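Following: one structure in structure tokens, then a few remarks.
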Amino acid sequence: MLQTVIKVKWGSDIKAECMATGVPYPRVTWFKDNVVLKSGPRVKITDTSANADIVELDLGISNVWYTDAGIYSCSAGNALGQDTSKVSLIVYGKNYYLQLKSISVRLETRPLVKNLTLNNRALGASL
């Protein structure tokens, strides 16, 4: 399996996109270190779905802090099954370099069940 690690400088902005398709329509959820993420002052989770066949849920984090380092995952599921894609975020700068455990990731996952696919693209930030 591929290992994906994204390194960003403290204070940067990042964005990750998660797209899923399926019948029945899948539910998509973002997690950090296995805890459901919710929008807040610096963290934005936005549904950017352009059509009824694809669910796209974007994760944006502004002004990244060292506490934002961790394992981010996007999970999509429906009555037929679930699939997850993960990425490890490392934050550096301000005289520290914090790396949490590395994880395996499939950037384009194969469906675990018929009619469910998940595509996850993590985009780096300006360094």
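Annotations
- Exposure proxy ranking, count of Cβ atoms within 10 Å, fewest first, for Val36, Val64, Val5: Val36, Val5, Val64
- In plain terms, the residue of Tyr66, Tyr72 with the fewest other Cβ atoms within 10 Å comes first and the most crowded comes last, giving Tyr66, Tyr72.
None of the figures in this text is laboratory data; all of them are computed from the coordinates on show. All figures in this text were calculated on a predicted structure; none of them were measured in a lab. Neighbour counts run over all protein chains shown; Cβ positions are idealised from the backbone, glycine included.
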